[in-house]
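Trainee: The structure is given below, and queries will be raised subsequently.
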Amino acid sequence: MSMRGRARATPSISLPIETPRLIMRDFRKGDFEAVHAYSSLEEVARYLIWGPNTPAQSKEAIEGFLDDQRMRPRSIFDLAVTLKPKREVIGGAGLRIIDRDNLTGEIGYTLHPDFWGYGLATEASRALLDAGFNELGLQRIVAVCDQRNKASARVMERLGMRREGVFRGSKLIQNGWRDEYLYAILAEEFG
Ligand SMILES: CC(C)(COP(=O)(O)OP(=O)(O)OC[C@H]1O[C@@H](n2cnc3c(N)ncnc32)[C@H](O)[C@@H]1OP(=O)(O)O)[C@@H](O)C(=O)NCCC(=O)NCCS
């Protein structure tokens, strides 16, 4: 048997991911306008280490997503969040393996403000936790947010993630050194 034949199958996530209201799929080049529509907004970038994006930065972000899609084994799943039934792109949600030896992943999410407040980030993120634990076989999934980002902290709490700590002055966010919360959930805690 060739080496290739013996190689252990690396677990991956089957896409698209469907939830009651959303379909999450890989980004495509043609998503530029939808991605730029939210990535260029100050209110979106307020607590983020990136943005507000110029058109060139949004284009670069999409190119990065396409590069990540080609990686083998794939460890970054930054997905377009699309809303049923029209399947328009309303944001992005991502899961990445940050420590393969310790089966640890990290999630993140960003939605266009027109779609804030409906529980959609929670719905998208719960599906990512499910894929991370049940498809990738992860043991631990973390998420971080600027301490001032109440909506994001609330999403993590709704997901059953625990606040494990605060990193002082750990991220340069929109020109200020900000404290950051670390949230985490273990496979055995995910219901
Ligand atoms: C964070 C974000 C994804 C949340 O999306 P969303 O779909 O509105 O989130 P949900 O509706 O699932 O949940 C939001 C929760 O936060 C609460 N919330 C929203 N804005 C809030 C605020 N300013 N202060 C306190 N709580 C707030 C909501 O009430 C809700 O909690 P509840 O259900 O207990 O009432 C969205 O605000 C966003 O895209 N922000 C910009 C990008 C970003 O900061 N991403 C996170 C990076 S760590």
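Bear in mind these aren't lab numbers, they're just calculated from the coordinates by the rules spelled out. Because the structure is a prediction, the values reported are computed rather than measured. Cβ placement follows ideal geometry from the backbone for every residue including glycine, while neighbour counts extend to all protein chains displayed.
Trainee: Using the Cα centre of the chain as the reference point, and only Cβ charges (+1 on K/R, -1 on D/E), how large is the resulting charge dipole? Debye, rounded to the nearest 20.
Mentor: 340
Trainee: Moving on. At q = 0.20, 0.26 Å⁻¹, what log₁₀ I(q)/I(0) does segment 25-99 have when each alpha carbon counts as one equal point scatterer in the Debye sum?
Mentor: Listed by q, the Debye log ratios stand at -0.90, -1.29.
Trainee: Within segment 100-139, find all residues whose amide N lies under 14 Å from a label point positioned 7 Å from the Cα of Lys150 along Cα-to-beta-carbon.
Mentor: 117
Trainee: How many nm separate the modelled label positions at Glu189 and Glu88, each set 7 Å beyond the Cα in the direction of the Cβ?
Mentor: 3.7
Trainee: HN-Hα J couplings of segment 10-24 from phi, Karplus 6.51/-1.76/1.60, θ = phi - 60°, integer Hz, Gly and Pro as x?
Mentor: Coupling constants for segment 10-24: 8, x, 9, 9, 8, 10, x, 9, 10, 10, x, 10, 10, 10, 10 Hz.
Trainee: Once label points are set 7 Å from the Cα along Cα→Cβ at both Asp179 and Glu63, what is their separation, rounded to one decimal in nm?
Mentor: 3.9
Trainee: On to the next question. Points 7 angstrom from Cα along the Cβ direction at Arg72 and Ile98: gap in nanometres?
Mentor: Here the answer is 2.8 nm between the modelled labels.
Trainee: For segment 64-130, state which GluC sites (Glu not before Pro) are in a DSSP loop and have at most 12 other beta carbons lying within 10 Å of their beta carbon.
Mentor: Taking segment 64-130 and a limit of 12 other Cβ atoms within 10 Å, no loop GluC sites (Glu not before Pro) are found.
Trainee: Which residues does a label at Asp130 reach in segment 177-191, if reach means a backbone N under 14 Å from a point 7 Å past the Cα toward the Cβ?
Mentor: Counting only backbone N, you get 190-191.
Trainee: State the answer as a single residue: which of Gly137, Gln147, Ala37 lies farthest towards the positive end of the charge dipole of the chain, with beta carbon charges of +1 for Lys and Arg and -1 for Asp and Glu, about the Cα centre.
Mentor: Sorting the options by dipole projection puts first Gly137.
Trainee: OK, next. Any idea what the relative contact order of the chain is, in percent, if you count C-alpha pairs under 8 Å spaced at least 6 apart?
Mentor: Reported relative contact order: 19 percent.
Trainee: I want to verify a result. In a Gaussian network model of the chain, Cα cutoff 10 Å, which of these has the top mean-square fluctuation: Gly169, Gly105, Gly137?
Mentor: Residue with maximal mean-square fluctuation among Gly169, Gly105, Gly137: Gly169.
Trainee: Cα extents of segment 11-138 along the three principal axes, largest first, in whole Å?
Mentor: 37, 30, 27
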